[in-house]
Amino acid sequence: MTHVIFKLTGSCNLNCSYCYVFNGEDTRYLLRPRLMDRKVAQAGLNRIFEYTQKNGVNRLVLSFHGGEPLLVGKEYLSWLLTYIKETCPIGLQVNIGLQTNGVLLDREWLELFAQYGISVGVSIDGPPEIHDRYRVDHGGRGSYQAVRRAIDLLRDNDLVGWGVLCVINPEVRGLEVYRHFREIGIESMDFLFPDYNHDTLPFHPVGTTPYADYLMEIFDEWYAIGDPSVRIRKFESIMRMLLGGQSNVDSIGLGPIDEIVVEADGSLEPLDVLRSCGDGFTYMGLNVLHDTIEDLRATPLFRIGLDADQHHSETCRQCSVFPVCGAGYLPHRFSRASGFSNPSIHCSDLKKLILHIANRFVPDILNARAN
């Protein structure tokens, strides 16, 4: 399987304060076009399809991102999806997803997504008083009401598969956020650690674990109710790995990081979140107009992701939860002093969360098997 992040836009109609693309270390967004040129989009897809054919790839996960991908407009995306359908190699399964802030979503968008089998992720951080602290437009106005309209539309029309992503705010209670999600009909969700590293993490008192505390009370309520229709990817991945399985998210667990990013200007880059490690950190000088996917995969930074297991610290290798956390997300392990050979900046939170889940979940599995 190959996973490609396809950035249709180099701009966004929101100005979220924690955004690693527009408000982080990297400033290359200033050099990128507002929308991906159609010739660049075609070249990007051609490069991807060439790569899948040369390397025997039979499944492609194509994720439309930005900025805000809906800024391209319905006519552009319809054209692009038609091009994918007409040029996709025989035998290649293409699963398409789109991550949006939801502000522009309407029924016509949903009908287009349904026509092409596109799944949708919406970013929301909680009820309005929490969401609107950081997810604001360029005038500083909160976006909750627009996002809520999008979620109501998705819930009530049942045209496409969808879920939400929430960035953890350690200043609020996770249970308040989770209960709000359930009240408004959200059944699929994930909670993301903020994208800090050893050089950028905000101060928290030594010995505190605010991200784990946020997540543990969500887990306890979610697990106690045991409703299989309510999905939380991070928890499900941890539980699966505790039983010897694989993670279905790249932020935890062992294994390579091999996502391919096509930027709005056609730049070929490795894992997008790595741009949080420094200005121009992911810029390789490659472009779909004249370079191949193999050229990207041969770059030193991409090789670090492919060989991520070789960059674990001895501290991590000796840790009891290492097989589950995998030292944490690659960008969260970075420091200018020692590269990626560090425990995650969220190490204490990860360990506390994993042990908490293990102490609740594993005994129940053992009892069930014994009976």
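Of the numbered conditions (1) buried (at least 20 other Cβ atoms within 10 Å of the Cβ); (2) touching a strand residue (DSSP E or B) at 6+ places or on another chain (Cβ under 9 Å), TYR20 satisfies every one except a single condition; which is it? Only one criterion is unmet by TYR20, namely (2). All conditions in (1) within 27 Å of GLU171 (Cα to Cα); (2) in contact (Cβ under 8 Å) with a residue 40 or more places away in the chain; (3) open to solvent by less than 30 Å² (accessible area, probe 1.4 Å); (4) not acidic (Asp, Glu) hold for GLY255, with the sole exception of (1).
Helices (runs of 4 or more DSSP H) fully within the range 268-369 that include at least 2 residues being at pLDDT below 95: 300-306, 314-317, 322-325. Within the group ILE96, ILE90, which residue is touching a Gly at 6+ places or on another chain (Cβ under 8 Å) and more than 26 Å from ASP137 (Cβ to Cβ)? None of the others qualify; the one that does is ILE96. Residues of the range 183-207 that are of a type outside the set (Val, Ile, Thr), within 30 Å of ASP158 (Cβ to Cβ) and within 21 Å of the chain's Cα centre (by Cα): GLU187, SER188, MET189, ASP190, PHE191, LEU192. Taken over the range 2-17, the criterion of being open to solvent by 40 Å² or more (accessible area, probe 1.4 Å) and either among the hydroxyl-bearing types (Ser, Thr, Tyr) or closer than 17 Å to PRO270 by Cβ (or both) is satisfied by HIS3, SER17.
Screening the range 23-74 for residues that are in a loop (DSSP other than H, G, I, E, B) and basic (Lys, Arg) and picking the one that is surrounded by the most Cβ atoms within 10 Å (Cβ to Cβ) gives ARG32. So which residues in the range 55-109 are touching a residue at least 40 places away in the same chain (Cβ under 8 Å), of a type in the set (Ser, Thr, Tyr) and farther than 27 Å from LEU165 by Cβ? TYR83, THR87, listed by residue number.
Suppose we filter ILE218, ILE238 for residues that are part of a helix (DSSP H, G or I), on the phi < 0 side of the Ramachandran plot, among the aliphatic types (A, V, I, L, M) and free of Cβ contacts under 8 Å to residues at least 60 places away in the same chain; which single one remains?
ILE218
Residues in the range 119-149 that are of a type in the set (A, V, I, L, M, F, W, C), surrounded by fewer than 20 Cβ atoms within 10 Å (Cβ to Cβ) and part of a helix (DSSP H, G or I): ALA146 alone.
The values are calculated or read from the model by the stated rules, or taken from the named source; none is laboratory data. None of the values given here were measured: they were computed from a predicted structure. Every residue, glycine as well, gets a Cβ built from its backbone with ideal geometry; the counts of neighbours run over all protein chains shown. These accessible areas exclude ligands, DNA and RNA; they are computed on the full protein's heavy atoms, side chains included. Shrake-Rupley method; radii C 1.70, N 1.55, O 1.52, S 1.80 Å.
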